[in-house]
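To start, the structure itself, in C-alpha cells.
The values are calculated or read from the model by the stated rules, or taken from the named source; none is laboratory data. On a predicted model such as this, the values are computed, not experimentally measured, just so you know. Here the Cβ positions follow ideal geometry from the backbone for every residue, glycine too, while neighbour counts run over all protein chains shown.
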Amino acid sequence: MKKPILLTSIALIAILFGCNSKSNSNKAEEQIVFNDAIDMEAAPVATRQDYKADKAGFRNESNEVAPKIIKTANVSMEVVDYAKSKKQIDSIIVASKAYITSEGFQQSDLQLGNNMEIKVPATGFNGLLKLLTTVAKRVDYQNIYTQDVTEEYIDVKTRMENKRKVEKTYLDLLRKTSNIEDILKIENKLGEIRAEIESAEGRMKYIDHQVNLSTISLYFYQKLEFKYTPDEMPSFWQKVKEALHAGWKGIVWVLIFFMKIWPVWVITAVVYLIWWKTMGQKSKKSDKKKKKDKKKKTKDDSNQTFTQESI
C-alpha cells in the first residue's frame with residue numbers, strides 16, 4: 001500500500017519539476033531575446049568619422065546612394081526694358097518647368113526692379129541660368145553655391161535601417177512574450193523606435209526635396225533717367241479757399257469738443273446755482289442786519305439829540 005503512494009508522489013514531483021524547468025527555460029529564452037534587442041539598440045551606428053576611416057565601406061554605400069548635392073545661385077542683372085524682360089523671364093521659367101516661390105516689385109525715381117526666388121529641377125539648373133542671362137543687358141554678378149549632403153543622407157539612412165532591425169527584434173519578442181508587464185515595456189519601446197524611424201524618414205525626404213529642386217535668387221532691374229519735375233504751386237484763390245476750409249473745420253472741431261464735454265457744463269451749472277443761492281441768502285441776511293443796525297443807530301442818534309435839547 002505504501003509502495004504505490006510513494007511512486008505516485010515521486011511522479012507528481014517529477015511533473016512539477018519538469019513544468020518549472022520548462023517555464024524557467026521559456027523565461028530565460030525571452031530574457032536572452034530581450035537583452036539581444038537592447039544590445040542591438042545600444043550598438044553604435046555608423047558615423048561620418050567611420051565613413052572617412054573606412055573608405056571602402058563608404059564607396060560601397062555611395063554606390064547604392066547617388067550623390068546628394070544642393071545647388072543655389074544668386075544673380076543680379078540689368079535689363080533694357082523692364083516690362084519686356086519680365087515677360088521673357090516668365091516664359092523662360094515656364095519652359096524650364098520651374099516656378100516662382102516669391103516675387104517683390106520695386107520702383108523709384110532711378111530704377112524699376114524685381115526680386116524673384118525661383119525653384120527649378122536640379123537637372124535644369126544650369127540651363128535655366130544660361131537662359132536667364134540672355135535677357136540681361138549686363139550681369140552684375142552670378143554666384144553659384146553647392147552643398148554636398150551625401151554623408152548626412154547615408155548617415156540618416158543607416159540609422160533608420162538599424163532602427164528597423166531593432167524594431168523587428170522587438171516585434172519578434174512581443175509575439176513570444178506573455179507577461180503583461182514585459183508587453184507594456186516592449187510596446188513603449190516600439191513607440192519610441194517608430195518615432196525615431198519616422199523622424200529619419202522625414203529628414204531623408206527633406207534632403208531629397210532640397211536636392212531635386214535647386215534655388216535661384218534673381219534680381220533684375222531697369223535704370224531710369226532722372227527727370228526733375230517741380231511741384232505745382234496752388235493759386236492765391238486756391239490758398240484762400242483752403243484757408244477758409246481749414247478755419248471752418250477748426251470751428252466745427254471746437255464746437256464738437258465743447259459738445260463732448262457736456263457733463264462738465266452740467267456740473268458747473270449745478271455748482272454755480274448752489275453757490276448763487278448760498279451767496280444770495282448770505283447777502284439778504286447781511287442787508288437785513290445792515291438795515292437793522294442803521295435803524296438802531298438812527299434811533300440812538302435821535303434820542304441823543306432830544307436829550308441835548310432838553311438840557
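When region 113-124 is filtered for residues that are assigned to a strand (DSSP E or B), surrounded by fewer than 16 Cβ atoms within 10 Å (Cβ to Cβ) and touching a helix residue (DSSP H, G or I) at 6+ places or on another chain (Cβ under 8 Å), only Pro121 remains.
The conditions of being surrounded by fewer than 12 Cβ atoms within 10 Å (Cβ to Cβ), assigned by TED's automatic domain parsing to the domain that holds Tyr219 and touching a helix residue (DSSP H, G or I) at 6+ places or on another chain (Cβ under 7 Å) are met by Lys97.
Note on region 217-260: residues that are aliphatic (A, V, I, L, M), outside any helix (DSSP H, G or I) and modelled with pLDDT under 85 amount to 1.
Condition check for Val270 on (1) exposed (fewer than 10 other Cβ atoms within 10 Å of the Cβ); (2) at pLDDT 85 or above: one failure, at (1). Being of a type in the set (Lys, Arg) and modelled with pLDDT of 50 or more is the filter; apply it to region 58-76 and report the residue that is farthest from Lys157 (Cα to Cα). Residue satisfying both the conditions and the ranking: Lys71. The condition (being touching a residue at least 60 places away in the same chain (Cβ under 8 Å), surrounded by 14 or more Cβ atoms within 10 Å (Cβ to Cβ) and not polar (S, T, N, Q)) is satisfied by just one residue among Leu224, Leu213: Leu213.
Could you list, in sequence order, all residues of region 66-87 that are among the charged types (D, E, K, R), closer than 28 Å to Thr146 by Cα and not in a loop (DSSP other than H, G, I, E, B)?
Lys71, Glu78, Lys86
Residues that are within 18 Å of Ala66 (Cα to Cα) and of a type in the set (Val, Ile, Thr) within region 141-167 comprise Thr146, Val149, Thr150, Ile154, Val156, Thr158, listed in sequence order. Scanning region 166-176 for residues that are out of contact with any Asp or Glu (no Cβ under 8 Å at 6 or more places or on another chain) and exposed (fewer than 14 other Cβ atoms within 10 Å of the Cβ), we see that the one that is farthest from Val211 (Cα to Cα) is Arg175. Among the residues making up region 88-111, those that are part of a loop (DSSP other than H, G, I, E, B), under 23 Å from Lys223 (Cβ atoms) and not hydrophobic (A, V, I, L, M, F, W, C) are Ser108, Asp109. Condition check for Val149 on (1) out of contact with any helix residue (DSSP H, G or I) (no Cβ under 6 Å at 6 or more places or on another chain); (2) surrounded by 13 or more Cβ atoms within 10 Å (Cβ to Cβ): one failure, at (1).
Scanning region 207-228 turns up one or more residues that are more than 30 Å from Val135 (Cα to Cα), within 45 Å of the chain's Cα centre (by Cα), among the hydrophobic types (A, V, I, L, M, F, W, C) and in the same structural domain as Gln147 (by TED's automatic domain parsing).
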